[in-house]
Every structure is written in C-alpha cells, then in structure tokens.
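The values are calculated or read from the model by the stated rules, or taken from the named source; none is laboratory data. Note that this is a predicted model, so its numbers are computed, not measured. Don't worry about glycine lacking a Cβ; one is built from the backbone with ideal geometry, like all the others, and counts go over all protein chains shown.
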Amino acid sequence: MNDPSPNPKNDSSVPRHVAIIMDGNGRWANSRKKPRHSGHRAGVKSVRLSVEFAAQSGIEYLTLFAFSSENWSRPKEEVSSLMNLFVEALRREIDELHRNNVRLKFVGALDELNPGLKEKITQSEQKTAANSGLTLTVAIAYGGRWDIIEASKALTRRVSDGSLQIDDIDDAEFAAELQMSDIPDPDLLIRTGGEQRISNFLLWNLAYAELWFTDVLWPEFDEAVFDSALSFYAGKQRRFGHTGDQVEAVRC
Ligand code: IPE
Ligand code: IPE
Ligand code: MG
C-alpha cells in the first residue's frame with residue numbers, strides 16, 4: 001500500500017488541508033527594536049486572519065505549528081511568555097471561533113504543558129467538538145519525530161498483547177496511531193519567515209504536500225499572501241508517483 005492518493009481524481013484546485021509553519025515573529029520584533037515577545041503577540045492577529053480566510057476559501061482543515069519540541073530549549077522567559085500568550089489567546093478567541101463553527105483541536109506532547117494551559121485546551125476542544133466548519137488544529141510541544149516514536153510504541157504494545165500481527169503493519173495502521181490520525185494529510189504546507197525547512201513538523205503527513213515558502217514574517221502574513229500560496233497550489237499537478245498522462249486520463 002504505497003499509494004498515498006487512492007483517488008487521484010480528487011484534484012480540486014483548493015487544498016482540503018493547509019498546514020502552516022508560522023515563523024519570523026522574533027525577527028519581526030528585532031527589526032522594530034522590540035522584545036521578541038511583542039513579535040509573538042503580533043502573530044496572534046495573523047492567526048485570526050488565517051482562520052477566517054481559510055474558512056472563506058473552502059479549506060476544510062487548517063493546521064498551525066505554534067511551538068515545537070525543540071522550542072523548549074529557548075530562554076525560560078520566552079517559553080513562559082509564549083505559554084501565557086497561548087492561554088490568553090484561547091481565552092480571548094474561543095467564543096468567536098465557536099460562533100464561526102470552528103472545531104478546535106490540539107496535537108503534541110500536551111502532558112508537558114502547565115496545568116492551566118492544559119485545562120484551557122481541554123475546555124476549548126470540548127466546547128467546539130460538535131462544530132462542523134473548519135477544523136483548526138494547533139500543534140504545541142509537537143515534533144514529527146516524537147509523533148512517529150509514540151506511534152511506534154503504540155504499535156509495539158499492540159503486537160506484544162497479540163492484538164496486531166507484525167505483518168499487518170502498513171501505512172494505514174501506522175497513520176492511525178499518529179496524532180493527526182483522523183485528519184487527511186496536508187495538501188499544502190506554507191512556511192513564512194524565509195527559511196526553507198520542515199523543522200520537525202509533520203514528518204510523516206507531509207510526504208506528498210506541496211511546499212510553499214515566503215520571506216514574509218508571520219506578523220505580516222495576510223489574506224493576499226495566503227492567496228498567493230493558494231494560487232501556487234492551484235497551478236500544481238499532483239502526481240503521487242503516477243505519470244502526468246495517467247493523472248490526466250483519470251481526470252477526463
Ligand atoms: C515562530 O517565530 C514562533 C515560534 C517558534 C514559537 P520565531 O520566534 O521562531 O521567530 P524568528 O524565527 O526568531 O524570527
Ligand atoms: C519552527 O520554527 C517551529 C514553529 C514555527 C513553531 P523555529 O523557528 O523553531 O525553526 P528553526 O529553529 O528556525 O528551524
Ligand atoms: Mg524561527
């Protein structure tokens with residue numbers, strides 16, 4: 001089972017799932033001679049606007065990388081101000097998200113977060129669980145390698161207790177143990193801030209994502225920049241290992 005697209009007919013020009021690495025807050029603040037934290041605060045506006053634009057554009061899933069496993073290594077003050085910002089932003093935004101029918105989810109090593117933030121996360125997920133609009137997933141304390149290791153442990157446990165045979169492990173069994181198990185793979189990855197790397201984001205899930213990078217720093221990300229990424233995506237032929245002719249033949 002090495003075909004990530006069992007249905008190559010499904011070639012809508014709008015991505016179903018967009019994932020964003022929101023980078024550049026610190027440099028945005030530095031260039032204004034402000035503390036890094038003010039860059040993170042300014043980034044919240046870009047989150048709000050991205051969620052609204054994604055919903056309007058017919059995107060079904062938006063996944064935002066807010067804090068990586070490796071970001072724990074930042075100075076203590078930056079980490080704690082980020083954690084406080086997450087709590088504050090959730091408190092401020094949750095009612096509006098709910099009104100807009102957004103289903104909010106969190107992925108990552110959430111047990112590593114402080115109890116106040118964990119509680120806010122649980123409340124927000126519960127409040128919006130039945131919503132049928134955009135699914136907004138926020139990755140906090142998330143690392144792609146961590147995710148794969150945790151999935152491997154879960155599979156190993158199932159093999160040990162006899163509920164899974166080693167030879168039955170395939171793409172689907174593996175993916176079902178990952179954090180994003182109930183969400184289709186991202187079609188489009190956007191990274192702001194000028195770097196062209198994955199930084200340990202959704203390593204498994206991004207296998208066939210279209211990648212789009214921009215020098216725009218996250219606090220300056222807006223509808224026009226998002227729209228450029230969508231235009232780039234619309235111009236792509238997604239082949240999933242097939243030939244271009246095969247893809248065309250299925251479409252006709
Ligand atoms: C991204 O912005 C936000 C987080 C990683 C939490 P950065 O803080 O990495 O900003 P730069 O890359 O230093 O400009
Ligand atoms: C990636 O940004 C993580 C998030 C945006 C949350 P980083 O700023 O941590 O990535 P590197 O260190 O430049 O690769
Ligand atoms: Mg960065």
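Filtered by the rule that a residue be part of a loop (DSSP other than H, G, I, E, B), within 16 Å of ligand 1 (Cβ to nearest atom) and farther than 22 Å from Ile140 by Cβ, segment 189-241 gives Gly194, Gln196, Thr214, Asp215, Val216. Within segment 17-50, if we keep just the residues that are in a helix (DSSP H, G or I) and aliphatic (A, V, I, L, M), the residue that is farthest from ligand 2 (Cβ to nearest atom) turns out to be Leu49. The number of residues in segment 60-70 that are within 16 Å of ligand 3 (Cβ to nearest atom) and either surrounded by 16 or more Cβ atoms within 10 Å (Cβ to Cβ) or at pLDDT below 95 (or both) comes to 6. Restricting attention to segment 158-168, the residues being of a type in the set (Ser, Thr, Tyr) and outside any loop (DSSP other than H, G, I, E, B) number 1.
Just so you know, in segment 224-238 the residues that are surrounded by fewer than 14 Cβ atoms within 10 Å (Cβ to Cβ) and not small (Gly, Ala, Ser) include one that is farthest from the chain's Cα centre (by Cα), and it is Gln237.
Each row is one residue, and each column tells you yes or no for (1) in contact (Cβ under 8 Å) with a residue 24 or more places away in the chain; (2) within 16 Å of ligand 3 (Cβ to nearest atom); (3) out of contact with any Asp or Glu (no Cβ under 9 Å at 6 or more places or on another chain); (4) more than 17 Å from Asn100 (Cα to Cα).
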| residue | (1), (2), (3), (4) |
| --- | --- |
| His17 | yes, no, no, yes |
| Ile21 | yes, yes, no, yes |
| Gly26 | no, yes, no, yes |
| Asn30 | no, yes, yes, yes |
| Ser38 | no, yes, yes, yes |
| Ala55 | yes, no, yes, no |
| Gly58 | yes, no, yes, no |
| Trp72 | yes, yes, no, yes |
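So which residues in segment 71-109 are more than 15 Å from ligand 1 (Cβ to nearest atom) and either modelled with pLDDT under 95 or polar (S, T, N, Q) (or both), if there are any at all? Scanning segment 71-109 gives Asn100, Asn101. The residue that is nearest to ligand 2 (Cβ to nearest atom), counting only those in segment 184-203 that are under 14 Å from His17 (Cβ atoms) and surrounded by fewer than 20 Cβ atoms within 10 Å (Cβ to Cβ), is Asp185.
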